[in-house]
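The values are calculated or read from the model by the stated rules, or taken from the named source; none is laboratory data. Every value quoted in this text rests on a predicted model; they were computed, and no experiment measured them. Don't worry about glycine lacking a Cβ; one is built from the backbone with ideal geometry, like all the others, and counts go over all protein chains shown. Ligands, DNA and RNA are excluded from the accessible area calculation, which covers all protein heavy atoms including side chains. Shrake-Rupley method; radii C 1.70, N 1.55, O 1.52, S 1.80 Å.
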Amino acid sequence: MYLAEKSLEIPLAHVRIDGVGVRETRTPEFKRKNPFGNVPVVELDDGTALAESMAIIRYLEELHPQPPLLGATPLERAEIGG
Ligand SMILES: N[C@@H](CCC(=O)N[C@@H](CS)C(=O)NCC(=O)O)C(=O)O
């Protein structure tokens, strides 16, 4: 939803989390990206893996500040929270 609101497009990879077959978030390979074993995870070109929705959103917001979705002023940011 955040990506759509910002009109950002990043390559997406589908990860099975339904427990049918291999639960991909629980594999050692996935846990090297996010030890908590859940999505979302954003992988940067240098291999850095970012987890936690709000951490990812704050990172993207700093790279793409317009339109501001986390508030443009201290008051707006406080009202929005997160
Ligand atoms: N605190 C995390 C929660 C992430 C989370 O709960 N992800 C769920 C999907 S919405 C998940 O990966 N579930 C699959 C699993 O736990 O294997 C965040 O905000 O990013």
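Quick notes on this structure:
- Single residue of the stretch 49-66 satisfying the filter (more than 16 Å from the ligand (Cβ to nearest atom) and not charged (D, E, K, R)) that is farthest from the chain's Cα centre (by Cα): 66
Per-residue answers, yes or no, for (1) surrounded by 10 or more Cβ atoms within 10 Å (Cβ to Cβ); (2) of a type outside the set (Ser, Thr, Tyr):
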{"site": "19", "(1), (2)": "no, yes"}
{"site": "25", "(1), (2)": "yes, no"}
{"site": "39", "(1), (2)": "yes, yes"}
{"site": "46", "(1), (2)": "no, yes"}
{"site": "53", "(1), (2)": "yes, no"}
{"site": "56", "(1), (2)": "yes, yes"}
{"site": "60", "(1), (2)": "yes, yes"}
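- Scanning the stretch 4-48 for residues that are closer than 22 Å to residue 65 by Cβ, in contact (Cβ under 8 Å) with a residue 24 or more places away in the chain and either assigned to a helix (DSSP H, G or I) or within 14 Å of the ligand (Cβ to nearest atom) (or both) yields a count of 3.
- Residue list for the stretch 8-17, filter: open to solvent by 100 Å² or more (accessible area, probe 1.4 Å) and either farther than 21 Å from residue 49 by Cα or out of contact with any Leu (no Cβ under 8 Å at 6 or more places or on another chain) (or both): 11, 12, 14, 16
- Summed over the stretch 1-35, the residues that are in contact with a Ser or Thr (Cβ under 9 Å, 6 or more places away or on another chain) and within 30 Å of residue 80 (Cβ to Cβ) give a count of 4.
- Of the residues making up the stretch 62-82, those that are outside any helix (DSSP H, G or I) and surrounded by 11 or more Cβ atoms within 10 Å (Cβ to Cβ) are 64, 65, 68, 69, 70, 71, 72.
- Scope the stretch 24-82; condition within 17 Å of residue 14 (Cβ to Cβ) and of a type in the set (D, E, K, R); matching residues: 24, 26, 29, 33, 43
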